[in-house]
Amino acid sequence: MTAIKQWPELLFLNEVSSVPLQQCLRNQQTAFKNFFEGRAKYPVFKSKKHRQSAEFTYRAFTYRNGELKLAKCAAPLNIRWSQPLPAAPTTVTVSKDQAGRYFVSCLCEFESTLLPVTNKKVGIDVGIKDLFVTSDGFKSGNPRHTDQHVVKLAKYQRRLAD
């Protein structure tokens, strides 16, 4: 990796942390190992048009007081947390979707608590009128989210057909 970073056409690799680059090489090695052992198909390049991600191990970020700072970044990330972390993260994955939004996933190790065991059994029936009905008699109404977009959907399908 260090020799590749010295090539004139790849000098931009020095601007980012080396940890995601090393993780990319590990993932590639695993993919080829799985291919040669017959567990997977031949590895292909990821498209830059779809979801992109970078994985940072515990040496490439700092997490203190709810702030996350990645390696080679001057300021901490401006994050809107969906829930508090149960412990300090061991791995952080930053991903970008097709809409240009960024998401941070944190892998934390913690002791889980066991839930009490109950002997109650419930059957679930999935339907059209009600989304599901349990054997207790609980009915969940079907929200039918697509009904409000039927006209637009038909218009776009006609465009695709042309």
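The values are calculated or read from the model by the stated rules, or taken from the named source; none is laboratory data. Predicted, not measured: the structure shown is a model, and the values here were computed from it. Cβ sites come from the backbone with ideal geometry, for glycine too, and all protein chains shown count toward neighbours. Heads up: the accessible areas ignore ligands, DNA and RNA and are worked out on the full protein's heavy atoms, side chains in. Shrake-Rupley method; radii C 1.70, N 1.55, O 1.52, S 1.80 Å.
What the table shows:
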{"quantity": "Around residue 75: net Lys/Arg minus Asp/Glu count, Cβ-Cβ under 15 Å", "calculated": "+2"}
{"quantity": "Anchor residue 120: lysines whose Cα lies under 21 Å away (excluding residues fewer than 8 positions away in-chain)", "calculated": "139"}
{"quantity": "Size of charge dipole - the chain - debye, nearest 20, with Cβ of Lys, Arg +1 and Asp, Glu -1, no other charges", "calculated": "520 debye"}
{"quantity": "CD proxy at 222 nm, helix term only [per DSSP H run n ≥ 4: -39500 (n - 2.57); per residue of the chain; nearest 500]", "calculated": "-6500 deg cm²/dmol"}
{"quantity": "11 Å beta-carbon shell around residue 53, net charge (K/R +1, D/E -1)", "calculated": "+1"}
{"quantity": "log₁₀ of I(q)/I(0) at q = 0.15, 0.16, 0.18 Å⁻¹ - region 1-96, Debye sum with one point per alpha carbon", "calculated": "-0.79, -0.87, -1.03"}
{"quantity": "Residue-normalised accessible area of the chain, given per residue in Å² at a 1.4 Å probe", "calculated": "88 Å²"}
{"quantity": "Principal-axis tilt of helix 150-161 within the chain, Cα atoms, nearest 10 degrees", "calculated": "60 degrees"}
{"quantity": "Average Cα contact separation per residue, region 48-162, under 8 Å, 6 or more apart, as relative contact order %", "calculated": "17 percent"}
{"quantity": "Part-to-part distance (alpha-carbon centres) for region 112-154 and region 56-108, which is given in Å", "calculated": "33 Å"}
{"quantity": "Rounded to 10°, Cα long-axis angle of helix 18-36 versus longest principal axis of the chain", "calculated": "70 degrees"}
{"quantity": "Segment residue 7-residue 146, length gained on full extension (0.36 nm per residue, minus Cα span)", "calculated": "44.8 nm"}
{"quantity": "Accessible area of the chain belonging to carbon and sulfur atoms, whole % at 1.4 Å probe", "calculated": "56 percent"}
{"quantity": "Rounded accessible area of residue 72 (nearest 10 Å², 1.4 Å probe)", "calculated": "130 Å²"}
{"quantity": "Residue 109 accessible area, 1.4 Å probe, all protein chains in place, Å² to nearest 10", "calculated": "140 Å²"}
{"quantity": "Theoretical FRET efficiency, 1/(1+(r/R0)^6), r = Cβ-Cβ of residue 105 and residue 65, R0 22 Å, to 0.05", "calculated": "0.65"}
{"quantity": "For region 49-105: relative contact order, % (alpha-carbon pairs under 8 angstrom, 6 or more apart)", "calculated": "42 percent"}
{"quantity": "Label-zone membership for region 1-23, site residue 75, 7 angstrom Cα→C-beta point, backbone N under 20 Å", "calculated": "16-17"}
{"quantity": "Charge tally in the Cβ shell below 15 Å around residue 17, where Lys, Arg are +1 and Asp, Glu are -1, residue 17 excluded", "calculated": "+3"}
{"quantity": "Extension gain (nm, one decimal) between residue 157 and residue 40, 0.36 nm per residue minus Cα-Cα", "calculated": "38.6 nm"}
